[in-house]
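Worksheet for the structure shown next.
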Amino acid sequence: MDFFTAGWNLNHFGIIKYTNRPFNSVDEMNNILVNNCNAVVNPSDRLFFVGDFVFGPLDDEKFLKTVRYFRKKILCNNIFLIYGNHDRRARKNAAFRQHFVNTSDYLEIKSEEDQSIILSHYPIVDGCWNRYKDGAWHFHGPTNCKLVGCADEFTGRIDVGVDNCGQILGKKSLDFYRPFSYNDIKNWISLRSKVSGSK
C-alpha cells in the first residue's frame, strides 16, 4: 500500500508552536510521529515523504547522525523523499540520500489502482499539474492552510502534511498525527464529492 506524509520536522521545537501541535516537548513529538507511522505503515509499503523530514542540527556530522537515528526508527523499507524547504542541506549530502529509495524535487507515480499522482513539496496551481485533465491528483507539502483550503476534492489537490491528516479525516487526536494512506485519500475524495454533488 502507498502512504503519504510531509512536514514532520523532527527535532524542531519551534514547529510545535508554529503549527499548534499538542505536544509538550520535542521528544514527545518525535516519538508520537514515528510510533504512529509504524502503527499504520508496514515495512513492505511505500511511504512518500513530501518534504521536511528532519530539522537541523547545523553541524553536518550531527545532522547525519540525527537522520540515521530517525530513519532506523521508521520500519518502512521503502521511503521516497521529495525535497522540501527544510531539506536544503540534505540534498547536497550523498550520505543523507542513501537512507531513501529515491530523493527528488518532483515525482510522478501510479498507485496500485493506476491512479496518477503528482508529488511536489510546493503546491502547483489547480489545473496546472501534469495529467490534470486525465484525472491525476496532486499531493504537496504543508502550507499551514495559507492556500484557499488545504484540500480540494474536485481537483484532487491535497496538502499531505502531518498536521492536516486529522483535519481532513475529521479526527482530532494524537493518533491522527500519522501518514495518509492511499485509501484514506481515495475515500475522502469519493465521500466529499458525493456530498458536495448532492447539494
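Observations, loosely collected:
- Cα-based reach from LYS62 at 19 Å (exclusive), listing aspartates and glutamates while leaving out same-chain residues under 8 positions away: ASP27, ASP52, ASP87
- R0 of 35 Å, Cβ-Cβ distance LYS186-LYS62: FRET efficiency to nearest 0.05: 0.30
- Taking a ≥ b ≥ c as the square roots of the eigenvalues of the alpha carbon gyration tensor, the chain is prolate, as a/c is not under 1.5 and a/b beats b/c.
- Value of [θ]222 nm, deg cm²/dmol, for the chain, DSSP H segments ≥ 4, -39500 (n - 2.57) each, nearest 500: -9000 deg cm²/dmol
- Difference of contour (0.36 nm per residue) and Cα-Cα distance, LYS172 to PHE13: 55.1 nm
- Within the accessible area of the chain (1.4 Å probe), percent carbon and sulfur: 51 percent
- Computed lengthening from ASP152 to VAL34, 0.36 nm per intervening residue step minus Cα-Cα distance: 39.7 nm
- Three-way shape call for the range 38-140 based on the alpha-carbon gyration tensor, with the a/c threshold at 1.5: oblate
- The chain, dipole about Cα centre (Lys/Arg Cβ +1, Asp/Glu Cβ -1), debye to the nearest 20: 260 debye
- Efficiency of FRET from Cβ geometry, ILE124 and ARG88, R₀ 25 Å, rounded to 0.05: 0.80
- Each residue, THR143 and ASP114, gets one label point 7 Å from its Cα in the Cβ direction; the gap between the two is 3.1 nm.
The values are calculated or read from the model by the stated rules, or taken from the named source; none is laboratory data. The shown structure was predicted, so the numbers you read here are calculated from the model rather than taken from an experiment. Reconstructed Cβ throughout: ideal geometry from the backbone, glycine too, with neighbour counts over all protein chains shown. In case anyone asks, the SASA skips ligands and DNA or RNA and just uses the protein heavy atoms, side chains included. Shrake-Rupley method; radii C 1.70, N 1.55, O 1.52, S 1.80 Å.
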